[in-house]
Amino acid sequence: MIKETIAAIATGMSNSGIGIIRMSGPEAIEIADRVFVSKKKSFKLENAASHTVHYGNIVYGGEMIDEVLVIVMKAPNSYTREDVIEIDCHGGVFVMKRILNILIKSGARAAEPGEFTKRAFLNGRIDLSQAEAVIDIINSKNQYALSNSVKQLSGKLSEQIKQMRKELINNIAYIEAALDDPEHIPLDNYGDKLLTIVDNYINIVEKLLKTVDNGKIFTQGVKTVIIGKPNAGKSSILNILAGYDRAIVTDIAGTTRDTIEEQINLEGITLNLVDTAGIRNTDDKVEEIGVNRAKELVKEADLILYVVDSSTALDENDYEILNIIKDLKTIILLNKSDLETVTDADKISEITGSRVISVSAKDNTGLDELSDYIVKLFSEGIINYNDEIYISGERNKEALENALESFKLVKNSIKTGMPEDFYTVDLMNSYEGLGKITGEAVEDDLVNEIFSKFCMGK
Ligand code: GDP
């Protein structure tokens, strides 16, 4: 039973228009009543209905501190399932800190990072994977990342995992029961049956593991590669894109597999341009590096921008590369449209089936169309893997990998004809591993570690 009432500044610690101070716990309403003076005479928050807003002042020691709106949310219909008070005050850091301080003096305790969400979890309001999605909402870089985090919050991932665990525990129970009572519960051909089930799970988990990479798209941007022959105008286009719409260009550390060179923001979509240093080192000569290097680069990309100099004819290297990228998410940029056109746009469309956009980096034309098209690909879910379940974070990845490993061990035990009790040990490991994702089987330390990653006030 949680007794303490916690309070924190929920909005950022910067001077903004409005600041929110949040309080949660059994005494939240009582503490608020000690410092809130309503504009309505002798009104008390304890008499307020849930989910109502009240206008008044925070007054402490006879001093008027700030004019505020107070929102009352009563248990269990609140984020934490406890009584929650939100005080909307003027957003100056000084005022917010002052009010927080007054709440603490009036009986609340300062919340630890992530403690509100931790309470939501402990009170059964959300599960662990939903809690992690909250971290992503807080850290989301753009609106698309936000919509995806919201999706995980709705519990689609949890549903799938819970379903698997339910089936697993049934199978474990069946085997255990059969081992106890072999006369009445047959295990004939059970290995074959289990093999089918386990194979299916291996597929599901492998698929989920793949989405760990896809998930990165949302938190870290779309992995984008700009390729093309030397002098096609790649750098010129990159420069325009980087300066586009007051874009943010930063150097960010990449993943272990590649280094992200630049991050560009196109109308809310973050594009991470994958380092093409390998190509630049050899004078940008796609011909010299060969088609293999191009293959390798595009394989990892979620979006390929292929730049062609429209004032020169296509050669065999172009054809070869166009053939490689034709099945990938590619946009062809026919650059130098200000010059006399030599290349055949129709032919390129025919080979690749990709969208071909005429641009001129020199005159800065056509790039609006590119930007609009990328936004369109996103909104239609062509780049953002809308249908995939999104898995965030290393913790979930590790849990999935462990579950996969255990499933493979079960498969091996069946194939090598091991006795049935061997199956249950590994099935149980998978069961526990998957439970770590939904938080149904986690140790306290882990819960603390995860919630301490939240920022204050969430
Ligand atoms: P990269 O080697 O593919 O990175 O190509 P660059 O961006 O360095 O451009 C190669 C040359 O083409 C430079 O001299 C640019 O000024 C020129 N260039 C790039 N884009 C255009 C364009 O749209 N029109 C014209 N006329 N020249 C361009």
So, first residue surrounded by fewer than 22 Cβ atoms within 10 Å (Cβ to Cβ) in segment 99-126, second residue of a type in the set (Lys, Arg), Cβ within less than 6 Å, six or more apart or across chains; the pairs are 106/34; 123/81; 125/81
Within segment 396-426, residues being small (Gly, Ala, Ser) and farther than 22 Å from residue 438 by Cβ number 2
Of the residues in segment 327-365, those that are surrounded by 13 or more Cβ atoms within 10 Å (Cβ to Cβ) and near the ligand (Cβ under 8 Å from one of its atoms) come to 335, 336, 337, 338, 339, 359, 360, 361, 362
Among 199, 180, 192, the single one that is more than 27 Å from residue 436 (Cα to Cα), assigned by TED's automatic domain parsing to the domain that holds residue 403 and within 41 Å of the chain's Cα centre (by Cα) is 192
Scanning segment 375-385 residue by residue, those of a type outside the set (Phe, Trp, Tyr) and surrounded by 20 or more Cβ atoms within 10 Å (Cβ to Cβ) turn out to be 383, 384
Of 2, 20, 65, the only residue that is at pLDDT below 95 and closer than 20 Å to residue 134 by Cα is 20
So, first residue at positive phi in segment 308-326, second residue within 16 Å of the ligand (Cβ to nearest atom) and modelled with pLDDT under 80, Cβ within less than 8 Å, six or more apart or across chains; the pairs are none
Those residues of segment 299-313 which are surrounded by fewer than 20 Cβ atoms within 10 Å (Cβ to Cβ) and more than 15 Å from the ligand (Cβ to nearest atom) amount to 299, 300, 313
How many residues of segment 39-55 are surrounded by 15 or more Cβ atoms within 10 Å (Cβ to Cβ) and within 14 Å of residue 88 (Cα to Cα)? The answer is 1
The number of residues in segment 395-415 that are aliphatic (A, V, I, L, M) and under 20 Å from residue 130 (Cα atoms) is 3
Requiring at least 3 residues that are on the phi < 0 side of the Ramachandran plot, touching a Gly at 6+ places or on another chain (Cβ under 9 Å) and touching a residue at least 60 places away in the same chain (Cβ under 8 Å), the strands (runs of 3 or more DSSP E) wholly within segment 8-74 are 18-24
Scanning segment 313-364 residue by residue, the ones that are under 17 Å from residue 234 (Cβ atoms), assigned to a strand (DSSP E or B) and of a type outside the set (S, T, N, Q) total 6
Notebook entry, point to check: Would you call residue 224 assigned to a strand (DSSP E or B) and either among the hydroxyl-bearing types (Ser, Thr, Tyr) or at pLDDT below 80 (or both)?
Noted result: yes
Residue pairs within 8 Å by beta carbon, gap of at least six or interchain, first lying in segment 423-444 and over 20 Å from residue 160 (Cβ atoms), second of a type in the set (A, V, I, L, M) and at pLDDT 75 or above, listed first then second, are 423/175; 423/194; 423/410; 423/414; 424/172; 424/175; 426/409; 426/410
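The values are calculated or read from the model by the stated rules, or taken from the named source; none is laboratory data. None of the values given here were measured: they were computed from a predicted structure. Because the Cβ atoms are built from the backbone with ideal geometry, glycine has one as well, and the counts that use them run over all protein chains shown.
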